[in-house]
Amino acid sequence: MKKTTKGVIASGVAVVLLLGGGSTLAYWNDSANLGGSNTITAGTLTVVANGTPAWNIQHTSGAMTAVPDINVVRVVPGDVLTYTVPATITARGQNLRFQVGLAGGSIAAAGGNAADAALAGRLANSAVFAVTGATPVGTGGDTFEHKNNASGNYTATITATITWPFGAAGSPAQDNPAKTGAVNLSNFALTVTQVDGSITIP
């Protein structure tokens, strides 16, 4: 009699352990699809140069002269070269703000000789950007807003300026080594870059 009772108690312990493990315990559950037919789609930011570029040259405060072929020009200290090209910027996005600029390394030494490196070091580049229709932000002249889920195409005129200062600091000690030097403009490229649309730009 005592042996039978012990067996029943042992079986009861086994059942409790089995239920406590959770792997064999079934219970009701359900789920609901909350996605519906919603879709998230990204906007865009692109730039395409789509016109004929033009070079001009000016020496110090002299007149600006058109340059038919930049490859035949031999620049000297005091020269200012301007490069103008039309482009189209396409923007689309609810919170889109972007900056227009020149790619890094736009002016590079054409070769490995000292004169090329010296000329690249003397030429300073800057750019002015006129973007028709886009909303300018701040006073720098290079930042614009779209902030619209509809696509917008903006006509941009980019005027990049390359200057060889006349009588600047370091001249002629730094100008003389640049004689006969050459620079490569193959990386002279326009960039449009998204920036934080929530910060205040002075």
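Where a number appears in this text, it was derived from the coordinates with a stated rule and is not lab data. Please read all numbers here as calculations on a predicted model, not as lab measurements. Reconstructed Cβ throughout: ideal geometry from the backbone, glycine too, with neighbour counts over all protein chains shown.
Here the simple spin-label model places points 7 Å from the Cα toward Cβ, and for Thr159 and Asn176 these points are separated by 3.6 nm.
Treat every Asp and Glu Cβ in the chain as -1 and every Lys and Arg Cβ as +1, leave all other atoms uncharged, and give the resulting dipole magnitude about the Cα centre to the nearest 20 debye. The calculated dipole for the chain is roughly 1140 debye. Can you show me the helix-derived [θ] at 222 nm for the chain, built from DSSP H runs with n ≥ 4 at -39,500 (n - 2.57) apiece and divided by the number of residues, rounded to the nearest 500. Here the helix-only value at 222 nm equals -4500 deg cm²/dmol. Distance between the 7 Å Cα→Cβ label points at Thr60 and Ala124: 1.7 nm.
Per-residue Karplus couplings for the range 113-122, computed as 6.51 cos²θ - 1.76 cosθ + 1.60 with θ equal to phi - 60°, are listed in order as 7, 5, 5, 4, 5, 5, 5, 4, x, 8 Hz, Gly and Pro entered as x. With contacts taken as Cα pairs under 8 Å at a separation of at least 6 residues, the range 44-195 carries a relative contact order of 34 percent. Summarising the label geometry, the points placed 7 Å from Cα in the beta-carbon direction at Ile40 and Thr52 lie 4.8 nm from one another. FRET efficiency for the pair Arg74 and Ser151, taken as 1/(1 + (r/R0)^6) with r the Cβ-Cβ distance and R0 = 45 Å, rounds to 0.50. A simple packing score, the average count of other Cβ atoms within 10 Å per residue, orders the peptides 98-107, 167-176 as 98-107, 167-176, with the highest score first.
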